[in-house]
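Below: one structure, written as structure tokens.
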Amino acid sequence: VIGGIFAVGQAQYLTDGVYTTYNGADLHTLGWTSNPADATTPVDITVNLGGTYIIDKMILKPMQWSKGEGFPAAYQLQVSMDGTKWDTVSSDSNVSALAGSDTEVTPKVYTFQETKASYVRIHITQHSAMTDAGTGMAYSQIGEFEVYGLPELEASASPTATPAESPDPTGSPDPTES
């Protein structure tokens, strides 16, 4: 799993490796929750990978304490080299992550052709059906976000075959041996 760099705020908990059911601790440490908004107001969660990677898989885990009910209904998984120009590597719509219990939520796994990236983002295009009690506006929740791949240099390094020494086909002794 590749780590991520967030400026500040609760988005940092998306890549902290803690994916547990709500246990009375600070709710914000269990993942990310968007601000309430219109159901189709786009929201981006951007992660600076801190280097260039060759990636081929992303996993989004619904927040467990809400049985996955707050998971976004539609989104695109995107990559960028500069944090400005984005390419979509996978997308999903009509998503429901609702489970029977907090411990039954199922991660959403997306595999795609290997691609080079320094930034990744979740571009949410439709929020969950959950609404904020105070405003009546929709919001989204994600428990963990995982990105899989290798650093570019490590991924591009291929083993170099070293040819084995072959015996002299004439059977003559090697003149350099003493």
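Of the residues making up segment 104-150, those that are within 22 Å of Thr88 (Cβ to Cβ) and small (Gly, Ala, Ser) number 5.
Taking interchain pairs and intrachain pairs at least six residues apart, which have beta carbon atoms under 6 angstrom, with the first residue in segment 60-77 and in contact (Cβ under 8 Å) with a residue 40 or more places away in the chain and the second small (Gly, Ala, Ser) and surrounded by fewer than 21 Cβ atoms within 10 Å (Cβ to Cβ)? From segment 60-77, the pairs are Ala74/Ser93; Gln76/Ser91; Leu77/Ser90.
Residues of segment 68-79 that are open to solvent by less than 30 Å² (accessible area, probe 1.4 Å) and in a loop (DSSP other than H, G, I, E, B): Gly68, Gly70, Phe71, Pro72, Ala73. Asp87 falls short on exactly one of the conditions (1) within 23 Å of Ser34 (Cα to Cα); (2) open to solvent by less than 60 Å² (accessible area, probe 1.4 Å), and that condition is (2). Scanning segment 48-58 for residues that are out of contact with any Lys or Arg (no Cβ under 7 Å at 6 or more places or on another chain) and crowded, with 16+ Cβ neighbours inside 10 Å turns up Leu49, Tyr53, Ile55, Asp56, Lys57, Met58. Among the residues of segment 147-157, the one identified as small (Gly, Ala, Ser) and crowded, with 17+ Cβ neighbours inside 10 Å is Gly149. Only residues that are touching a strand residue (DSSP E or B) at 6+ places or on another chain (Cβ under 9 Å), surrounded by 14 or more Cβ atoms within 10 Å (Cβ to Cβ) and free of Cβ contacts under 8 Å to residues at least 60 places away in the same chain: list them for segment 97-146, please. Of everything in segment 97-146, those that are touching a strand residue (DSSP E or B) at 6+ places or on another chain (Cβ under 9 Å), surrounded by 14 or more Cβ atoms within 10 Å (Cβ to Cβ) and free of Cβ contacts under 8 Å to residues at least 60 places away in the same chain turn out to be Ala97, Val105, Pro107, Lys108, Tyr110, Phe112, Ser128.
The values are calculated or read from the model by the stated rules, or taken from the named source; none is laboratory data. Just so it is clear, the structure is predicted and the values come from calculations on it, not from any experiment. So basically every Cβ, Gly included, is an ideal-geometry build from the backbone, and we count neighbours across all protein chains shown. Please note that ligands, DNA and RNA were not included when accessible areas were found on the heavy atoms of the full protein model with its side chains. Shrake-Rupley method; radii C 1.70, N 1.55, O 1.52, S 1.80 Å.
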